[in-house]
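*Asks:* This structure is in structure tokens; I'll ask about it shortly.
The values are calculated or read from the model by the stated rules, or taken from the named source; none is laboratory data. Because the structure is predicted, anything quoted here is derived from the model rather than measured. FYI the Cβ positions are ideal-geometry reconstructions off the backbone, even for glycines, and counts take in every protein chain you see.
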Amino acid sequence: MVGKFSIVLFEKSNRVDIVPTEWICRSDEQCHCYWPPSRIRVADVMEMVKEAQPFSHSWKTYKCRILKHFGKPQYLCDSVIGSFVATTEQRLH
């Protein structure tokens, strides 16, 4: 079973973020993630993610790669992303 949240790597920006898994859509071999418009404050986006609010079809999608799925919202913090990225980088090098 896929978790409620996912860590994704946005390919163009090379940025890693946690998103609600339902924000991710797949077609063929490609994976895209809906992301709120830049006019929405970062703190509000973080709250949307934490509450796993539904995405809007008016949001842009960005090509991404899913790095990990998990189910518990208490893992929504920079330290988790940081340690996950560090561990992943160690495995790649």
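*Asks:* Looking only at strands (runs of 3 or more DSSP E) that fall completely inside segment 1-84, which ones have 1 or more residues that are at pLDDT below 90 and loosely packed, with under 11 Cβ neighbours inside 10 Å?
*Replies:* Output list reads 24-27.
*Asks:* Here's something else I'd like to know. List the pairs whose first member sits in segment 37-52 and is free of Cβ contacts under 8 Å to residues at least 60 places away in the same chain, whose second member is outside any loop (DSSP other than H, G, I, E, B), and whose Cβ atoms are under 7 Å apart, counting only residues at least 6 apart or on separate chains?
*Replies:* If the second residue must be outside any loop (DSSP other than H, G, I, E, B), the pairs left are Val49/Ile18; Val49/Val19; Val49/Pro20; Lys50/Pro73; Ala52/Pro20.
*Asks:* Right, here's the next one. Report, by residue number, each residue of segment 19-36 that is touching a residue at least 24 places away in the same chain (Cβ under 8 Å) and either out of contact with any strand residue (DSSP E or B) (no Cβ under 6 Å at 6 or more places or on another chain) or not hydroxyl-bearing (Ser, Thr, Tyr) (or both).
*Replies:* Those that are touching a residue at least 24 places away in the same chain (Cβ under 8 Å) and either out of contact with any strand residue (DSSP E or B) (no Cβ under 6 Å at 6 or more places or on another chain) or not hydroxyl-bearing (Ser, Thr, Tyr) (or both): Val19, Pro20, Glu22, Trp23, Ile24, Cys25, Gln30, Cys31, His32, Cys33, Trp35.
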